[in-house]
Amino acid sequence: MADPKENASSEWPAPELSPEELARKAEFLAQRVRAPVPSQTRTVADLVRAFGGMSIQARNLGRCYEVLEAMLRDPERPTVLLGIAGPLIAGGLRQVIRELVEFNLVDVVVSTGAILYQDIYQARGYAHYRGSTSANDAELRELYVDRIYDTYVDEVGFAKTDTWIGHVADELPPGAYSSRQLMDLLADRLDDPLSIVATCRRLGVPMFVPALNDSSIGIGLTEHHHRAVSQGRPGVVVSSIQDNYELGQLVARAPATPALFVAGGVPKNYINDAVVTSYVFGRPEQAHRYALQITTAITMDGGLSGSTLEEAESWGKIQHGATRAMAWLEPTVSLPLLATAAIEQELYKGRSRLRLEWNGQLLERLEPVEVG
């Protein structure tokens, strides 16, 4: 009996494609995935650049660095808006964020209350401690130890910091303040060169906390408010609409704005909404020229934190054709890589600092000043 294998072709028959299809196929197969070579990688910047030749989230992070590099080298000197959310201080990113400010890589900070509050907590001599996700939380409660995933904080230190904020508010003239004004006043009472809040104040970088009430800063101000009500006197009020007014002026006055989002939440939406608000100041087409985001938030639930940068284009918040990238990576890993690479590559060199002059809630001057 004949062996059927004898008549079988030893080669898979190639499909017949038209010249147009072959050309199109060649386009798809034009770029090979490039593997990083550890033995030839000397710096963090080398590694992050190499990520760009890989796939999945490595490629996305490499693309984020390309966007970061482009925004910082833009000759028009755009105003970089940093939005930060999540347990970043608890995760150990305090100095990473501070050096973004110190090395002139960002111009405006928009933060959750928790991040800047925990910076103040550390500036007052307290600390975050390495803990465990398997801790006995009932025991922690008995000992006044609070847990943030695998990090511990001293609730006594938190309570004292809350009260300190309330007493600072007691010393201020009564009236409405923006969160920017309040954060500057709190910064003036801090003596810690490693503080994000103190560094922003020293370098004139405005800090906005649009959801300030939803944090321990809000708890301290509530204590102040209670004393004011009990004593029948006016107190300090933080005006979120004044925040809108002030950031709207910044965006309207800037030649262009890049948005750098670490996680999402209120800071992300606030920075994007400032684009819409800028119409109040006669600048209706001021969508972000650059945008990048590192987050772990998912897109399919429709929430803002994980919404894509393309979706923001539909709202006119990010320009059509903007240079943008998004990586789904946890910020305690991804942000140090981006920041360290940027500082290694000296992306701050030749980049002037911004001088902002405020008259109350009015932005009277926004101009670049050469760094000596």
Determine if segment 217-234 includes at least one residue that is in contact with a Lys or Arg (Cβ under 7 Å, 6 or more places away or on another chain) and open to solvent by less than 30 Å² (accessible area, probe 1.4 Å). no
Name the one entry in W328, W315 that is more than 18 Å from L82 (Cα to Cα), in contact (Cβ under 8 Å) with a residue 12 or more places away in the chain and surrounded by fewer than 20 Cβ atoms within 10 Å (Cβ to Cβ). W315
Cross-chain or 6+ apart pairs with Cβ under 7 Å, segment 124-135 first and within 21 Å of V197 (Cβ to Cβ), then in a strand (DSSP E or B) and of a type in the set (A, V, I, L, M): H128/V153
Cross-chain or 6+ apart pairs with Cβ under 7 Å, segment 240-254 first and farther than 19 Å from R365 by Cβ, then crowded, with 18+ Cβ neighbours inside 10 Å and not basic (K, R): S240/P210; D243/S178; D243/S179; D243/F208; D243/P210; N244/T277
In the list R73, R42, which residue meets the criterion of being closer than 19 Å to T340 by Cβ, charged (D, E, K, R) and free of Cβ contacts under 8 Å to residues at least 60 places away in the same chain? R42
Consider only pairs whose beta carbons are under 9 Å apart and that are at least six residues apart or on different chains; among these, list those whose first residue lies in segment 54-66 and is under 15 Å from P36 (Cα atoms) and whose second residue is of a type outside the set (A, V, I, L, M, F, W, C) and part of a helix (DSSP H, G or I). M54/G62; Q57/S334; L61/S334; G62/R49
Is there any pair with a first residue in segment 351-372 that is buried (at least 18 other Cβ atoms within 10 Å of the Cβ) and a second that is small (G, A, S) whose Cβ atoms are under 6 Å apart and which are 6 or more apart or on different chains, and what are they? L356/G204
Every pair of residues 6+ apart whose Cβ atoms lie under 7 Å, when the first sits in segment 199-211 and is farther than 9 Å from S111 by Cβ and without any contact (Cβ under 8 Å) to a residue 60 or more places away in the chain while the second is open to solvent by less than 30 Å² (accessible area, probe 1.4 Å) and not charged (D, E, K, R): R201/A187
Can you tell me which residue is surrounded by the fewest Cβ atoms within 10 Å (Cβ to Cβ) among those in segment 260-305 that are basic (K, R) and outside any helix (DSSP H, G or I)? R283
For segment 318-336, check the following and say yes or no: at least one residue is at positive phi and part of a loop (DSSP other than H, G, I, E, B). no
When only residues in segment 331-350 that are within 17 Å of the chain's Cα centre (by Cα) and of a type in the set (S, T, Y) count, which is least open to solvent (accessible area, probe 1.4 Å)? S334
Filter segment 250-259 for residues that are open to solvent by 20 Å² or more (accessible area, probe 1.4 Å) and part of a helix (DSSP H, G or I) and give the result. R253
Would you point out the residue of segment 136-155, among those that are more than 18 Å from G113 (Cβ to Cβ), open to solvent by less than 70 Å² (accessible area, probe 1.4 Å) and among the hydrophobic types (A, V, I, L, M, F, W, C), that is nearest to the chain's Cα centre (by Cα)? V145
Scanning segment 39-67 for residues that are open to solvent by 60 Å² or more (accessible area, probe 1.4 Å) and more than 24 Å from the chain's Cα centre (by Cα), the one nearest to S334 (Cα to Cα) turns out to be R42
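The values are calculated or read from the model by the stated rules, or taken from the named source; none is laboratory data. Computed from a prediction, not measured in an experiment: that's the story for all the values here. Using ideal geometry, Cβ is built from the backbone for each residue, glycine included, and neighbour counts are taken over all protein chains shown. For the accessible areas, the whole protein counts, side chains as well, though only heavy atoms, and no ligand, DNA or RNA atoms are used. Shrake-Rupley method; radii C 1.70, N 1.55, O 1.52, S 1.80 Å.
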